[in-house]
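> I have a structure I would like to understand better, so I am pasting it below and will then ask my questions one at a time.
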Amino acid sequence: AVIAAAARETFEECGVLIARSSHGDPVVADESLRMDRHELVNGQILFADILEHRGLVVDDSALVSIAHWVTPENEPRRFDARFFVAALPAGQSTYEVDGEADRTLWLRPQEALDAWHGGSLDMWIPTASTMRLLTDGSTAAEVVENARHRSVVPVRPHEVPGPDGELAWYLVHDRTL
C-alpha cells in the first residue's frame, strides 16, 4: 500500500507513472496519460482505475525506500512519511503540474541543499535530510542502487533544550516503529 501511494503521489506531483504492463513493458507517456492525471487530481478517477484500465501494475521494484520520518509527538501536525527514490522511467518525462506545490523548481540535490543552506529555498528537516541521501551517487541509477543497500530505520526527532535554552531537534533512529 505504501509503494502504491508513492507511485500515485509521483504521478500526481510530476506526471511520472512508475508502472509497467503485466508483461513488464514500461509505460510510455502520451496525452491520454496527462488527461488521466488531470482526472485523478480532480477526484474524477481513482489511481487503481487508471492502472486497471491501462492494464498496468505499479513497478514496485523501481521504487526504493530511502528514508522514513515520524514527527515528534508534541507537534500539532503529525506525519509518518516514507521517502522513496526511483529513476525516471524510459519513455516518460516530468512536466509542471498544478496542484499542492506553491512553485515548481527542478534542481540537482546538491544545488537544492546549497539553496536551502543559503536561505533561498525552504525545506523541512526531513526533506533536507533525505535530499542529502540523493547526493550519494553521480547518476540516478547510482543513487537508486545505493538506496537498495541502505537499511531504512524510522527517524523520530525529539525536541530538547539546547545550551542557549532554545529547543532543537534531537534525532532518534527508532527500530521499534
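> Looking at the square roots a ≥ b ≥ c of the eigenvalues of the Cα gyration tensor of the stretch 36-76, which shape do they give, rounded for a/c under 1.5, prolate if a/b is larger than b/c, or oblate?
The shape class here is oblate.
> Right, another one. Once phi is turned into ³J(HN,Hα) by the Karplus curve 6.51 cos²θ - 1.76 cosθ + 1.60 with θ = phi - 60°, what whole-Hz value does each residue of the stretch 116-131 show in order, with x for glycine and proline?
5, 4, x, x, 9, 9, 8, 8, 6, 3, x, 5, 5, 5, 5, 4
> Residues with amide H under 5 Å of F83's amide H, sequence separation 5 or more or different chain, H placed in the peptide plane at 1.01 Å from N; which?
I66, A67, H68, W69
> Could you work out how far helix 2-14 tilts from the main Cα principal axis of the chain, as a 0 to 90 degree angle to the nearest 10?
Helix 2-14 sits at roughly 80 degrees to that axis.
> Provide the packing ranking of 158-166, 14-22, 31-39, i.e. peptides ordered by the mean count of other C-beta atoms within 10 Å per residue, highest first.
Put in order of decreasing packing, that is 14-22, 31-39, 158-166.
> While we're looking at this one, here's another question. For the stretch 64-155, what is the convex hull (Cα atoms) projected area averaged across all directions, in square nanometres?
Over all viewing directions, the stretch 64-155 projects a mean Cα-hull area of 7.2 nm².
> Next question, about the same structure. Taking a probe of 1.4 angstrom, what is the accessible area of F84 in Å², to the nearest 10?
Result for F84: roughly 60 Å² accessible.
> Alpha carbons only, please: Rg and Dmax for the stretch 16-55, in angstrom.
10.0, 30
> In terms of modelled amide H atoms, which long-range or inter-chain residues lie less than 5 Å from the amide H of L121?
Under 5 Å from the amide H of L121 lie the amide H atoms of W116, each far enough along the sequence or on another chain.
> If you don't mind, there's one more thing I want to ask. How would L105, L40 rank on accessible area, largest to smallest, probe 1.4 Å?
These residues rank, largest area first, as L105, L40.
> Rounded to the nearest 500, what is the 222 nm mean residue ellipticity of the chain from helices alone, with -39500 (n - 2.57) per DSSP H run of 4+ residues and division by all residues?
Only helices count here, giving -10000 deg cm²/dmol.
> Let me ask something else. Out of N42, N74, N146, any idea which swings most in a Gaussian network model of the chain, alpha carbons joined below 10 Å?
Most flexible of the set in this elastic network: N74.
> How large is Rg/Rh for the stretch 16-97, to two decimals, with Cα atoms and a Kirkwood Rh?
For the stretch 16-97, the value is 1.05.
> May I ask you to give the percent of accessible area on the chain that is carbon plus sulfur, with a probe radius of 1.4 Å?
Ligands and nucleic acids excluded, carbon and sulfur reach 51 percent.
> Check which residues have an amide H placed less than 5 Å from E159's amide H, if you skip close sequence neighbours.
Sorted by chain and number, the residues that satisfy this are Y170.
> Using the 2.2 N^0.38 Å rule of thumb for compact globular proteins, work out how the chain stacks up: its C-alpha Rg over that value, please.
1.14
> Take the Cα of W116, step 7 Å along the line toward its Cβ, and report every residue of the stretch 8-32 whose backbone nitrogen sits under 20 Å from that point.
10, 13-14
The values are calculated or read from the model by the stated rules, or taken from the named source; none is laboratory data. From a predicted model like this one, the values you see are computed outputs, not experimental measurements. Note that each Cβ is placed from the backbone with ideal geometry, even for glycine, and that neighbours are counted across all protein chains shown. Calculation scope for accessible area: heavy atoms of the full protein, side chains included, ligands and nucleic acids excluded. Shrake-Rupley method; radii C 1.70, N 1.55, O 1.52, S 1.80 Å.
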